[in-house]
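The values are calculated or read from the model by the stated rules, or taken from the named source; none is laboratory data. Note that this is a predicted model, so its numbers are computed, not measured. All Cβ positions, glycine included, derive from the backbone under ideal geometry; neighbour counts span all protein chains shown.
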Amino acid sequence: MENWAQLVPELLVVDLAKSLSFWRDLIGFSVAYDRPEDQFAYLDLGGAQIMLEQRNPSIQQWVAGPLEAPLGRGVNFQIEVPALQPILDRLAIVSWPLFMEPEEAWYRSDEIENGQRQFVVMDPDGYLLRLAEDLGERPAKPARLV
């Protein structure tokens, strides 16, 4: 790999093989490198990078509190992909449920809105992935105060 991200989340998972099956085979990440002896994998998808490490209470891992399912409470990872449909097709083949169906969304950023087609899926440990396909920009609508 040539480009290493400056911020890379590391997720503790219950079963690395099951997680790799999801992240690699269904979502489309590739394994940049792994350490099977440590039950660890570093994944990449077009510059989006994440580390997965199988939970092992017998070694030192940075855990701030009890790990209870779903592990991803309160966080979702937005991952920009070139196209959603191939991922949706792979998920459908194995009947993987979507947390949120595909939708078109526009988000204001100063004077423009950035559009994306997106959906949300939960990985085997309860981490939410918001996969997004870029739809471009348009002028922002005037903001309304609430």
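Of the residues ARG35, ARG138, ARG117, which single one is surrounded by 13 or more Cβ atoms within 10 Å (Cβ to Cβ) and of a type in the set (Lys, Arg)? Lay out the reasoning, then the answer.
Numbers: ARG35 fails: surrounded by 13 or more Cβ atoms within 10 Å (Cβ to Cβ); ARG138 fails: surrounded by 13 or more Cβ atoms within 10 Å (Cβ to Cβ).
Going through ARG35, ARG138, ARG117 in turn, the sole match is ARG117.
With respect to LEU12, determine if the residue is surrounded by 12 or more Cβ atoms within 10 Å (Cβ to Cβ), touching a residue at least 40 places away in the same chain (Cβ under 8 Å) and not in a strand (DSSP E or B). Against the criterion (surrounded by 12 or more Cβ atoms within 10 Å (Cβ to Cβ), touching a residue at least 40 places away in the same chain (Cβ under 8 Å) and not in a strand (DSSP E or B)), LEU12 does not qualify. Of the residues making up the stretch 74-125, just one is small (Gly, Ala, Ser), modelled with pLDDT under 95 and not in a strand (DSSP E or B), namely GLY74. Annotation: of all residues in the stretch 22-48 being of a type in the set (Gly, Ala, Ser) and without any contact (Cβ under 8 Å) to a residue 40 or more places away in the chain, the one that is nearest to PRO97 (Cα to Cα) is SER30. In this structure, SER58 does not satisfy being modelled with pLDDT of 95 or more, over 17 Å from the mean Cα position of the chain (by Cα), in a loop (DSSP other than H, G, I, E, B) and over 30 Å from PRO139 (Cα atoms). The listed residues are LEU71, LEU131, and the only one of them that is in a loop (DSSP other than H, G, I, E, B), within 15 Å of the chain's Cα centre (by Cα), surrounded by 10 or more Cβ atoms within 10 Å (Cβ to Cβ) and in contact (Cβ under 8 Å) with a residue 60 or more places away in the chain turns out to be LEU71.
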